[in-house]
Amino acid sequence: MSTIQTNTVPTSLMTTMNGTPSTTNSIQSAQNQFMTLLTTQMKNQDPLNPMDNAQVTSQLAQLSTVTGINQVNASINAMNSNFQASQSLQAANMIGHGVLVPGNSVALTTTTNASGVSSTAGVLGLNLPQNITSGKVSITNAAGQVVKTIDLGSMSQGVQTVSWDGSTDAGGAAPAGTYSYSVTAASGASAVTPTKLEFGMVSSVSSGSQGVTLNLANLGAAAMSSVVQIF
């Protein structure tokens, strides 16, 4: 009478343990395949040379590890989907609000009130690492020419906003559009380097693989996580 000796781990069993596109998509499928293979292996083992208990235990431990990893991955994916949906809903409430995000742009816009009076204004922000005793903002146009210099004076540590009424150093009015700016600041005799911030109105919200993105009028897209202040 011939016997079937199967002390070596079948290739199909190792494939099940290591995972393939078809098995990793279903934890229950992997468990069922493993138990079928293990039962078949034990039923057909050589009675005079049975399977080593340590071998069975090792295989069961591998199944437990694979199952656990798949369950953790499924839980993380579900949590990530829920978090992104919640973040998108929260971001949608920001439409129509102004935000400060890192950047060195100034959007100069002209608005007209109900009485027909027009006004031009631009806003920028600074995040100061400490109090300053003096500072200066230089606003430049697309050609790199300085059109306006704003004296900051003394300011406290933290996020500060600076307004520009659209006037130029030459006494005229700058046309509406997007400008850039640079800043110098000091605390006594020591130079201070603020983080430059740009102001934009949230016009819409996008959600993708990189997370939630705010679309800012005149400035473009900015990650929601980059928002420093909301108005």
For A91, only one of the following conditions fails: (1) of a type in the set (A, V, I, L, M, F, W, C); (2) closer than 17 Å to S163 by Cβ; (3) in a helix (DSSP H, G or I). What is its number? (2)
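Here is a yes/no grid of residues against (1) among the small types (G, A, S); (2) surrounded by fewer than 14 Cβ atoms within 10 Å (Cβ to Cβ); (3) not in a strand (DSSP E or B):
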site	(1), (2), (3)
A191	yes, yes, no
K196	no, no, no
V202	no, no, no
V205	no, no, no
V212	no, no, no
N215	no, no, no
A222	yes, no, no
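For segment 94-123, what are the residues that are closer than 15 Å to S167 by Cβ and not β-branched (V, I, T)? Walk me through how you get there before you give the answer.
Applying the first criterion (closer than 15 Å to S167 by Cβ) to segment 94-123 yields 106, 108-110, 118-123.
Across segment 94-123, the qualifying residues are L108, S118, S119, A121, G122.
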Sort out which residues of segment 176-231 are under 19 Å from V123 (Cβ atoms) and among the hydroxyl-bearing types (S, T, Y), and write them in order of number. T178, Y179, S180, Y181, S182, T195, S203, S226
Counting residues that are within 21 Å of I230 (Cβ to Cβ), which strands (runs of 3 or more DSSP E) fully inside segment 104-186 reach at least 3? 105-112, 118-128, 158-164
Looking at segment 153-166 only, could you name the residues that are surrounded by 14 or more Cβ atoms within 10 Å (Cβ to Cβ) and of a type in the set (S, T, Y)? T161
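Read the figures in this text as sums done on the coordinates, not as results from a lab. Just so we're clear, the structure is a prediction, and the values are computed from it rather than from any experiment. Methodologically, a virtual Cβ is constructed for each residue, glycine included, from the backbone with ideal geometry; neighbour enumeration extends over all protein chains shown.
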